[in-house]
Structures are given as structure tokens and as C-alpha cells.
1. For the chain, the longest stretch holding no GluC sites (Glu not before Pro) located in a DSSP loop with at most 12 other Cβ atoms within 10 Å is which?
2. Let me check against my output: what whole-number percent is the relative contact order of the chain, with C-alpha pairs under 8 Å and at least 6 apart?
3. Taking only protein heavy atoms and a 1.4 Å probe, what accessible area per residue, in Å², does the chain have with all protein chains in place?
4. For the range 11-115, what % of the accessible area comes from carbon and sulfur atoms, probe 1.4 Å?
5. Taking only the alpha-carbon atoms of the chain, what semi-axes of the equivalent ellipsoid follow from 5 times the gyration tensor eigenvalues under a square root, in whole Å, largest first?
6. Measuring from centroid to centroid over Cα atoms, what is the spacing of the range 85-104 and the range 1-74 in Å?
7. Nearest 20 debye, what's the magnitude of the dipole of the chain about its Cα centre given +1 on Lys and Arg Cβ and -1 on Asp and Glu Cβ?
8. Angle, helix 82-115 long axis vs. longest principal axis of the chain, Cα atoms, 0 to 90°, nearest 10?
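The values are calculated or read from the model by the stated rules, or taken from the named source; none is laboratory data. Being a predicted model, the structure only gives us computed values, none of them experimental. Ideal geometry is used to build each Cβ from the backbone, glycine not excepted, and the neighbour counts take in all protein chains shown. Just so you know, the surface numbers come from the protein's heavy atoms only, side chains and all, with ligands and any DNA or RNA stripped out. Shrake-Rupley method; radii C 1.70, N 1.55, O 1.52, S 1.80 Å.
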Amino acid sequence: MTESGKNGPSSIEVALKGCCPRCGKGRLYKGFLDLAPECEVCGLDYSFADSGDGPAVFIMMIAGFIIVGLVLWVEFTWSPPYWVHAVLWIPLTLALTVGLIRPLKGWLVAQQFRHKAEEGRLEK
Ligand SMILES: [Zn+2]
């Protein structure tokens, strides 16, 4: 297996399963969103992985686009009372954002691993 994970899991697999981006067997997370320090199977050090605000930005764009589109459609189609909007959109917003953040973070970590993305450094 190569260091860049060419024979490892795809980024989509890492996103859906929350597995190690190199071997695909160990777990990526130790909590809901906290990364484990390293893979317990192949020993890959996860300290390279820093997705920062990336997942949140994608979630805001994806969930915002879906939910605002639905809100406008429902409002202009049926003009329901405001409580209907509250009942529909608060749970949907929570489900979409909480449901997407973990796969998106896993996907970004896998992309980082695959493409060796890291902070820029000045060469000496
Ligand atoms: Zn591993």
C-alpha cells in the first residue's frame, strides 16, 4: 500500500464510514467530530488532518441552499401560517446540518490525505 493511499478507501468511503483514509479499517473519529490521534490498525498519524472551518462552510452552502429554496417554495405555493414554517424547517435544518457534518469532515480529511494538502511553507 502506498503512502498516498492509492489502494486505500475512496474519499466517499471515508466520508460514509468514518474510516482511516489509508487502510480503511481503523476509525477516524473518537467522538462525534473529534478525530482520533492515530489509526488503531495501520498507525497513520492523523495530526496532518485539519479541516478547520471547511465542513461548516460546505454545510452552510448546501443546507442553506436546500432549506431556503424549500422555504420560499412552500411560502409562495401555500402561504401557510408561520408555525408551519417553524415545525418544518427547524427539524430539517438540524437533521441536515448534524447529518452532513461528519461525512463532510471525513471527506475533507480524506482529500487532505490523498493530495497531501498542508499549510504553505517557505523553502530554505
Ligand atoms: Zn489506518
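1. On the way: sites that count: E3, E118, E119, E123.
The longest uninterrupted stretch comes out as 4-117.
2. Computed value for the chain: 34 percent relative contact order.
3. Here the per-residue accessible area is 67 Å².
4. On the range 11-115, the fraction of accessible area on carbon and sulfur atoms equals 70 percent.
5. Equivalent ellipsoid semi-axes, largest first: 37, 16, 12 Å.
6. Cα centres, the range 85-104 to the range 1-74: 18 Å.
7. Around 320 debye, computed over the chain.
8. It is inclined by approximately 20 degrees.
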